[in-house]
Amino acid sequence: MVQRMSDQEKLPPERVLAEKLQVSRAMLREALGRLEAEGKVWRHVGQGTFVGHKPALRRGWRVFSAAHTSPTEILEVRMLFEPQIAAVAALRATDMQIGELKTLANKCRAATNSETWELWDSQFHKALWELAGNALLLAIYEGINAVRRTAKWRTLRTAVLTATKRDRYVAQHQDIIEAISARDSAGAYEAMTSHIELVTADLGSQEVMSLPFSSRRHREAR
């Protein structure tokens with residue numbers, strides 16, 4: 001008999017849930033990862049997995065609304081944070097965490113449509129943000145993911161995300177992972193910056209390409 005769970009209800013521990021569902025823990029983690037990417041469950045490190053979307057931050061914060069921002073603003077935020085996060089990951093990531101990045105990158109590589117690509121690409125980048133070990137940064141990434149789930153973002157990405165472009169992003173994911181695996185902080189920073197610049201150019205957000213922290217502008221100024 002299938003047991004229905006309420007919104008924000010905590011799931012049983014993985015071992016118990018795997019036994020109830022009669023599946024391996026690896027298969028269970030795969031399913032939970034997909035459900036998390038789809039926004040159907042959320043995880044809190046040290047506390048467990050919960051049903052539904054992650055609750056919005058309050059306590060003095062203005063509750064974030066994806067309707068009040070745009071893809072260009074999201075790319076600006078990513079350009080500010082993600083290269084540095086990749087650099088930190090090169091210093092902090094464990095072999096297991098690097099293995100998770102490789103698994104998620106492979107799922108991106110296997111994607112055959114934009115919807116599946118978005119699912120695993122968001123998880124790949126979230127895994128990087130998690131490596132920083134900073135709850136505030138993770139809250140910012142949750143805001144980024146909220147925008148990525150909007151119809152505006154999906155329509156924009158679907159229009160430009162061809163198979164050729166996905167292949168280019170896959171190659172850049174590999175460059176990022178290789179730099180992190182080599183503990184090359186500067187290389188990880190540069191690889192992530194190049195990746196966001198390409199996404200930005202593909203989406204037509206030239207405002208981000210002209211920002212002073214763009215590595216393209218930095219290279220041109222040298």
Legend entry - Vicinal HN-Hα couplings computed from phi for the range 25-38 (Karplus, 6.51 cos²θ - 1.76 cosθ + 1.60; Hz; Gly/Pro x): 5, 5, 5, 5, 4, 4, 5, 5, x, 5, 5, 5, 4, 8
Legend entry - Vicinal HN-Hα couplings computed from phi for the range 15-23 (Karplus, 6.51 cos²θ - 1.76 cosθ + 1.60; Hz; Gly/Pro x): 4, 5, 5, 4, 5, 5, 8, 6, 10
Legend entry - Distance between modelled label sites at Asn106 and Thr94, nm, 7 Å Cα→Cβ extension: 2.0 nm
Inset, instruction - Could you pull out the pairs from Lys20/Lys107; Lys10/Lys126; Lys40/Lys165; Lys102/Lys126 whose alpha carbons sit more than 19 Å apart here? - result: Lys20/Lys107; Lys10/Lys126; Lys40/Lys165
Legend entry - Virtual spin-label span in nm between Arg15 and Arg43, 7 Å along Cα→Cβ: 1.8 nm
Legend entry - Built amide H within the under 5 Å cut-off of Val41, gap 5+: Glu36, Gly52
Inset, instruction - Over the range 151-205, average the accessible area per residue using a 1.4 Å probe and give it in Å², no decimals. - result: 43 Å²
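The values are calculated or read from the model by the stated rules, or taken from the named source; none is laboratory data. All of these numbers come straight from a predicted model, not from anything done at the bench. A quick note on method: Cβ atoms are made from the backbone with ideal geometry, for glycine too, and the neighbour counts reach across all protein chains shown. Quick note on the areas: whole protein, heavy atoms, side chains included, nothing else; ligands and nucleic acids left out. Shrake-Rupley method; radii C 1.70, N 1.55, O 1.52, S 1.80 Å.
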